[in-house]
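**Student:** Please read through the structure below; I'll follow up with questions.
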Amino acid sequence: MLRRVLLAASASQRVRRVITTAPVTRSVVRRFVAGETASEALRVVERLLSEGLTVTLDYLGEDTAEPEHAAAVAQEYITLIEMLNAGGLTAGGRAEVSVKPTAVGLGLPDFGEETAAENITKICIAAQAAGTTVTLDMEDHTRVEATLRLVGQVRADYPDLGCVLQSYLRRTPGDCEALAVAGSRVRLCKGAYSAPDGVAFAARAEVDRNYARCMRILLEGNGYPMLATHDPRLIAIAHSRASELGRQPSSFEYQMLYGIRPDEQRRLAAEGAQVRVYVPYGDDWYGYLVRRLAERPANLMFFLRALRSRS
Ligand SMILES: Cc1cc2nc3c(=O)[nH]c(=O)nc-3n(C[C@H](O)[C@H](O)[C@H](O)COP(=O)(O)OP(=O)(O)OC[C@H]3O[C@@H](n4cnc5c(N)ncnc54)[C@H](O)[C@@H]3O)c2cc1C
């Protein structure tokens with residue numbers, strides 16, 4: 001409930017102004033965001049790789065309103081991939097990128113899907129040349145059909161394009177069945193957006209149960225599951241299910257967000273699991289920050305207390 005209210009309030013320009021201009025926001029942003037520029041993000045990537053982790057980089061921004069901006073976002077990713085490659089960081093897919101479909105054009109009033117497909121293809125071309133991969137993030141429930149169409153279309157030429165499924169959506173077990181095929185990289189997360197009851201589960205327990213069910217489908221299938229959660233219970237279930245199925249540690253990976261449970265990231269990696277950290281960077285961090293605050297009351301309270309004590 002709190003999460004829904006927060007996500008809805010975050011659309012207000014007034015709330016946005018208060019959050020983005022408060023001095024304390026900077027320190028909270030620094031916890032979750034690796035910097036404003038690609039060079040700053042690269043320093044974080046080098047450190048994470050040296051700790052035995054892998055990464056996926058996200059250039060922050062969403063809901064692009066102009067085709068020129070969508071093209072500029074694609075160019076930022078291409079330059080980023082070239083920088084990662086020049087630094088020897090892409091070998092074996094150790095550093096890859098995550099792209100939001102609406103950042104590269106999905107949602108533009110005219111030819112949105114075509115623009116997004118062209119931009120994603122350009123990013124995939126750069127990633128393939130650098131020996132790495134691209135994963136398409138999943139945004140709110142109204143984008144799911146179009147995003148899955150994009151995945152199907154671009155995978156015809158770039159089969160290692162990853163996609164994301166969200167366990168808060170009732171439809172997701174069916175999508176997992178369809179996508180748990182050889183070579184298919186699928187990230188499973190709970191879902192960070194709000195959605196009406198008809199399409200999504202409202203209760204946390206139901207979202208978690210659906211996650212466990214979807215995870216089982218992916219682990220039993222022939223694809224490459226990317227289990228994106230910080231939830232200790234689900235990580236324990238993943239571990240035992242993968243062992244029962246005889247899945248090699250190299251045949252799936254855990255994923256977590258930069259700044260969240262870093263000790264657990266290192267613990268899993270030290271045990272021999274593959275762990276990928278989602279590393280966002282850029283100055284358009286507002287939507288990302290609000291989603292992180294909304295999913296954990298403790299983060300929100302910390303933020304509000306700091307806001308009050310310094311205002
Ligand atoms: C790699 C990755 C990629 C993602 N990509 C997408 C995407 O494309 N689309 C999408 O909708 N969502 C995405 N998400 C977000 C995801 O949907 C969840 O909103 C988020 O991961 C929190 O869910 P959880 O599974 O960690 O479980 P929760 O039940 O939210 O949390 C479980 C535990 O994790 C810890 N934790 C969780 N969140 C936080 C936090 N913000 N701060 C501190 N501790 C925390 C706490 O210990 C908590 O008890 C992604 C998440 C990850 C890890």
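**Student:** So if I place +1 on the C-beta of Lys and Arg and -1 on the C-beta of Asp and Glu, and nothing else carries charge, what would the dipole magnitude of segment 99-247 be about its Cα centre? I want it in debye, nearest 20.
**Tutor:** That gives segment 99-247 a dipole magnitude of about 540 debye.
**Student:** Would you pull out the residues with amide H under 5 Å of Val99's amide H, same chain only if 5 or more places away, H placed 1.01 Å from N?
**Tutor:** The answer is Thr135, Leu136, Asp137.
**Student:** Using the Karplus curve 6.51 cos²θ - 1.76 cosθ + 1.60 with θ = phi - 60°, what ³J(HN,Hα) values do you get for each residue of segment 58-74, in whole Hz, with x for Gly and Pro?
**Tutor:** Going residue by residue, I get 10, 7, 4, x, 7, 6, 4, 9, 10, x, 5, 5, 4, 5, 5, 5, 4 Hz, with x marking Gly and Pro.
**Student:** State the Cα centre-to-centre distance between segment 20-72 and segment 89-124 in whole Å.
**Tutor:** 16
**Student:** If a/c stays under 1.5 just call it rounded; otherwise compare a/b with b/c (prolate if a/b is bigger, oblate if not). Do that for segment 233-281, with a ≥ b ≥ c from the square roots of the Cα gyration tensor eigenvalues.
**Tutor:** prolate
**Student:** Using a/c under 1.5 as the rounded threshold, could you call segment 1-143 rounded, prolate or oblate? The axes a ≥ b ≥ c are square roots of the C-alpha gyration tensor eigenvalues, and prolate needs a/b larger than b/c, oblate otherwise.
**Tutor:** It is oblate, given that a/c is not under 1.5 and a/b is not larger than b/c.
**Student:** Taking amide hydrogens as modeled 1.01 Å from N in the peptide plane, which residues meet the under 5 Å criterion relative to Leu257, leaving out close sequence neighbours?
**Tutor:** Close amide H contacts, sequence-distant or interchain: Tyr278.
**Student:** Nearest 500 deg cm²/dmol is fine: what mean residue ellipticity at 222 nm does the chain get from its DSSP H runs of n ≥ 4 alone, each adding -39,500 (n - 2.57), divided by its residue count?
**Tutor:** Here the helix-only value at 222 nm equals -16000 deg cm²/dmol.
**Student:** Whole number in Å², please: accessible area per residue of segment 122-180, 1.4 Å probe, ligands, DNA and RNA not counted.
**Tutor:** On a per-residue basis, 37 Å².
**Student:** Please turn the phi angles of segment 218-231 into ³J(HN,Hα) values with the Karplus equation 6.51 cos²θ - 1.76 cosθ + 1.60 (θ = phi - 60°), one per residue in order, whole Hz, x for glycine and proline.
**Tutor:** Values per residue, Gly and Pro as x: 5, 5, 6, x, 9, x, 10, x, 10, 8, 9, 7, 9, 6 Hz.
**Student:** To continue, here is another question. Of the heavy-atom accessible surface of segment 147-246 (probe 1.4 angstrom), what whole percent is carbon and sulfur? Spell out each step's value before the answer.
**Tutor:** Values: 2290 of 4300 Å².
Carbon and sulfur together cover 53 percent of it.
**Student:** Can you classify segment 195-303 as rounded, prolate or oblate using the Cα gyration tensor, where a ≥ b ≥ c are the square roots of its eigenvalues, rounded means a/c under 1.5, and otherwise it's prolate if a/b beats b/c and oblate if not?
**Tutor:** On the way: a/c = 2.01, a/b = 1.32, b/c = 1.52.
Oblate, since a/c reaches 1.5 and b/c is not below a/b.
**Student:** Follow-up. What residue among Gly162, Gln255, Phe201 has its Cα farthest toward the positive end of the dipole of segment 149-265, where the charges are +1 on Lys, Arg and -1 on Asp, Glu, each on the Cβ?
**Tutor:** The listed residue farthest towards the positive side: Phe201.
**Student:** For a quick check: with amide H placed at 1.01 Å from N, whose amide H comes under 5 Å from Arg185's, ignoring anything fewer than 5 positions away on the same chain?
**Tutor:** For Arg185, whose amide H was placed from the backbone, the distant partners under 5 Å are Cys163, Tyr224.
**Student:** Projected onto the charge dipole of segment 4-135 (+1 at Lys/Arg Cβ, -1 at Asp/Glu Cβ, origin at the Cα centre), which of Thr115, Leu42, Met83 gives the Cα projection farthest towards the positive end?
**Tutor:** Of the listed residues, the answer is Leu42.
**Student:** If I compute solvent accessible area with a 1.4 Å probe over the protein chains, what percent of it on segment 19-112 is carbon and sulfur?
**Tutor:** That fraction is 54 percent.
**Student:** Might you work out the accessible area of Arg170 for me, using a 1.4 Å probe with all protein chains in place, and round it to the nearest 10 Å²?
**Tutor:** 110
**Student:** What whole-number value in Å² describes the accessible area per residue of segment 1-91 for a 1.4 Å probe?
**Tutor:** So segment 1-91 comes to 52 Å² accessible per residue, rounded to a whole number.
**Student:** What ³J(HN,Hα) values, in whole Hz, does the Karplus curve 6.51 cos²θ - 1.76 cosθ + 1.60 give for segment 25-33 when θ = phi - 60°, with x put for Gly and Pro?
**Tutor:** Those phi angles translate into 4, 4, 5, 5, 4, 4, 5, 9, 10 Hz.
**Student:** Another question about this same structure. Using the charge dipole of the chain (Lys, Arg: +1 at Cβ; Asp, Glu: -1 at Cβ; taken about the Cα centre), state which of Leu188, Ala129, Gln265 has its Cα farthest towards the positive end.
**Tutor:** Highest projection toward the positive end goes to Gln265.
**Student:** Work out Dmax and Rg for the chain from the C-alpha atoms and quote the Rg first, both in angstrom.
**Tutor:** Just the Cα atoms of the chain yield Rg and Dmax of 18.5, 55 Å.
The values are calculated or read from the model by the stated rules, or taken from the named source; none is laboratory data. If you're wondering where the values come from, they're calculated on a predicted model, not measured in any experiment. Virtual Cβ from ideal backbone geometry, glycine too; neighbours counted across all protein chains shown. To get the accessible areas, we keep the full protein, side chains included, count just its heavy atoms, and leave off ligands, DNA and RNA. Shrake-Rupley method; radii C 1.70, N 1.55, O 1.52, S 1.80 Å.
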